[in-house]
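The values are calculated or read from the model by the stated rules, or taken from the named source; none is laboratory data. Because the structure is a prediction, the values reported are computed rather than measured. Please note that ligands, DNA and RNA were not included when accessible areas were found on the heavy atoms of the full protein model with its side chains. Shrake-Rupley method; radii C 1.70, N 1.55, O 1.52, S 1.80 Å.
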Amino acid sequence: MRAKSNQVLPMAQAYISCRIVPDQEPEEVYEQIKAVLVKDPPWGVKVSVKPTAKLKWWMTEPTGPAFHRGGRRR
């Protein structure tokens, strides 16, 4: 039997990703997500949001080997 423990950790961290589609601007999406996360945190929690990357959307043709089942075209 494993020992169990209830703990309140002093810090938590999360990485959030968002798929950008045509006509979306990464900076605008970031600001909208940040606004939701910092708006009204419970129990006096301090929330900080830091971007790691803001990349524009891009498209590619799904014809390369990575798009074929098994990874290889026969």
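The table below lists the values:
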{"quantity": "Accessible surface, the chain, averaged per residue in Å² (probe 1.4 Å)", "calculated": "108 Å²"}
{"quantity": "Alpha-carbon gyration tensor eigenvalues x 5, square-rooted, for the chain, Å", "calculated": "36, 25, 8"}
{"quantity": "Relative contact order of the chain, defined on C-alpha pairs under 8 angstrom at six or more residues apart (%)", "calculated": "28 percent"}
{"quantity": "With every protein chain in place, the chain: carbon and sulfur % of accessible area (1.4 Å)", "calculated": "55 percent"}
{"quantity": "Under Karplus coefficients 6.51, -1.76 and 1.60, residue-wise ³J(HN,Hα) of segment 6-16 in Hz, glycine/proline x", "calculated": "9, 9, 10, 7, x, 8, 9, 9, 9, 10, 10"}
{"quantity": "Extension gain from GLU31 to GLN7, taking 0.36 nm per residue of separation minus the Cα-Cα distance", "calculated": "5.4 nm"}
{"quantity": "Phi to ³J(HN,Hα) by Karplus 6.51 cos²θ - 1.76 cosθ + 1.60 over segment 39-47, Hz, x for Gly, Pro", "calculated": "4, 8, x, x, 6, x, 5, 9, 10"}
